[in-house]
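Step one of this worksheet: look at the structure below.
The values are calculated or read from the model by the stated rules, or taken from the named source; none is laboratory data. The model shown is predicted, which means the values in this text are computed figures rather than measured ones. Heads up, the Cβs are rebuilt from the backbone with ideal geometry, glycines too, and the neighbour counts pull from every protein chain shown. Only protein heavy atoms, including side chains, enter the accessible area calculation; ligands, DNA and RNA are left aside. Shrake-Rupley method; radii C 1.70, N 1.55, O 1.52, S 1.80 Å.
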Amino acid sequence: MLLNRKGNKHRRPSKAVRVATLAGVAGAAVAVPLMGATNASAASVSTWDAVAQCESGGNWSINTGNGYYGGLQFSQSSWAAAGGTQYAPRADLATKAQQIATAEKLLDLQGPGAWSCAGAGNLTNDGVDPGVDTGSGAAKQEAAPKQEAAPKKAERTEAPATNRSDRADAPKKTVTTPTGKKVAKGDGEYKVVAGDTLSKIAADHHVKGGWAKLFKLNKDIVQDADLIYPGQQLHLTK
């Protein structure tokens, strides 16, 4: 049983154990070993089996509701501080191998004193790599709720690109006057520019019948013979 368990039959947790527990409760990652430990610690599987036998009777899935979980009786804060939540929310929901892998990290952080049963298992920093495979067995289904696959996004369908020249060639049907009024543009061969009049255009282009003929040819877009606008396109002949 981890030393931060409350109860008369276990000795009071060391300062190092209590500090690590607080770090786990606060959600802070433990970045460095406590109490000056500098070398990685490890113990054999048989050693961890012996500790678990003392802590929980060797039941790696035990949860008695007393706040300590799994074969090595992790508190929730110690489980989180040693990275166990990467496998399962609680130790009793993780596999034996995953619990041992997490215990190895806690051993490195706090030393054998983190378990009151360390003596029963002769737990020491013996440097023996247990060689457990944390993927050898899946954690229980309760460990993490199955997430439904996100709905597939509808594929974006883009309209065919319009050729730039097609856009440029598409004629506008109106032009805007200086007052903001829109008037018919027309589709004639001559484009009105600033300063034009029907008389001037007729004279410059030798329109037979003069301005009156020009007016008649474009009566569908020219409403007043005295008012034509830049951008309008006038017919000079039938």
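One table, with the values for the structure above:
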read-out	value
For residue 204, net neighbour charge (Lys/Arg +1, Asp/Glu -1) across residues whose Cβ lies under 15 Å away	+2
Column: log10 I(q)/I(0), Debye, Cα scatterers of segment 57-96, q = 0.14, 0.22, 0.24 Å⁻¹	-0.23, -0.56, -0.67
Distance violations [Cα-Cα > 20 Å] among 191/238; 173/208; 185/216; 216/238; 191/216; 181/219	173/208
Rounded to the nearest 10 Å², the accessible area of residue 44 at probe 1.4 Å	30
C-alpha center-to-center spacing [segment 206-238, segment 85-105] in angstrom	91
Per-residue SASA entry for residue 49, accessible area with 1.4 Å probe, Å² rounded to 10	60
Neighbourhood net charge (15 Å Cβ-Cβ; Lys/Arg +1, Asp/Glu -1) for residue 195	-1
